[in-house]
Every structure is written in C-alpha cells, then in structure tokens.
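Here, each number is a calculation from the coordinates, and none is a lab measurement. From a predicted model like this one, the values you see are computed outputs, not experimental measurements. Here the Cβ positions follow ideal geometry from the backbone for every residue, glycine too, while neighbour counts run over all protein chains shown.
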Amino acid sequence: QVQLIESGGGLVQAGGSLRLSCAASGRIFSSYHMGWFRQAPGKEREFVAAINWNGVRTSYADSVKGRFSISRDNAKNTVYLRMNSLKPEDTAVYYCAITNDYGDYGKGRSDYWGQGTQVTVSL
C-alpha cells in the first residue's frame with residue numbers, strides 16, 4: 001500500500017508564494033514519477049506539474065510555467081511544488097500523484113493519489 005501525505009497549503013495574498021510538499025510512504029519504488037494536479041470548485045481536475053524519477057525531466061501546465069517549480073528528494077521520497085506569483089485563479093485543492101508511467105500525467109491519470117491540500121489565493 002502506498003500513502004501520499006501533502007502539506008504546505010494555506011491562504012496567501014495574490015503575488016505571494018507557497019511551497020507544497022508530498023511525502024510518499026509504503027511500497028515505493030525509486031522509479032516512480034511524481035507530480036501535482038489541482039481541482040478548483042466547479043472545475044475538472046487538471047495537471048499542474050510533474051517530474052520524472054531521477055529529476056531530469058519536468059513538465060508544467062502552460063498556466064503555471066515560469067511561476068511554479070517542481071523538485072524531488074528521492075532520499076526522502078518527497079516531491080515539492082514551489083509556487084510563486086500566485087494568482088486568485090490558482091485557488092484549488094492540490095493533489096499529489098505518483099505513477100510509473102510518465103505519460104499518465106498527460107492523460108490525467110496516476111497510480112496513486114494524495115488526499116489533497118487546499119490553496120486559497122486572495123486579492
């Protein structure tokens with residue numbers, strides 16, 4: 001069984017920054033890719049960012065490019081999402097997602113999901 005525990009969400013003013021963390025535990029393989037999705041009220045869940053198993057490859061949604069940065073620490077089985085220049089439209093529940101197929105992120109899929117952490121950006 002795999003568990004993903006997100007942290008770091010909260011309320012921030014527009015233009016501010018947050019860093020999300022997601023710690024994975026259980027039957028984790030070092031070859032897993034890690035990423036983030038988000039879901040705003042009344043909207044479908046959407047891809048945000050992903051990083052491959054060794055950190056060489058990263059992908060971002062167009063809406064967050066240049067503002068968000070994903071990284072990972074394999075020794076800690078943890079993935080991070082640094083979010084800068086936050087906008088009200090970034091308000092959503094952010095979900096950590098790990099998978100052994102990097103292509104899953106482009107299809108909105110993942111092997112495992114976290115419970116989500118709320119990010120609220122006020123004007």
* Give, rounded to the nearest 20 debye, the magnitude of the charge dipole that the chain has about its Cα centre when Lys and Arg contribute +1 at Cβ and Asp and Glu contribute -1 at Cβ. => 180
* Between the DSSP loop rule and a limit of at most 15 other Cβ atoms within 10 Å, which trypsin sites (Lys or Arg not before Pro) in the range 1-102 are left? -> R27, K43, R57, K65, R67
* Structure fact -> Those GluC sites (Glu not before Pro) from the range 1-107 that are DSSP loop and have at most 10 other Cβ neighbours within 10 Å turn out to be E44
* Set of lysines near K107 by C-alpha distance (under 26 Å), chain-local residues within fewer than 8 positions excluded -> K43, K65, K87
* Given the options G66, G42, G15, state which has the largest fluctuation in a GNM of the chain using a 10 Å cut-off (strictly under) for Cα springs. => G42
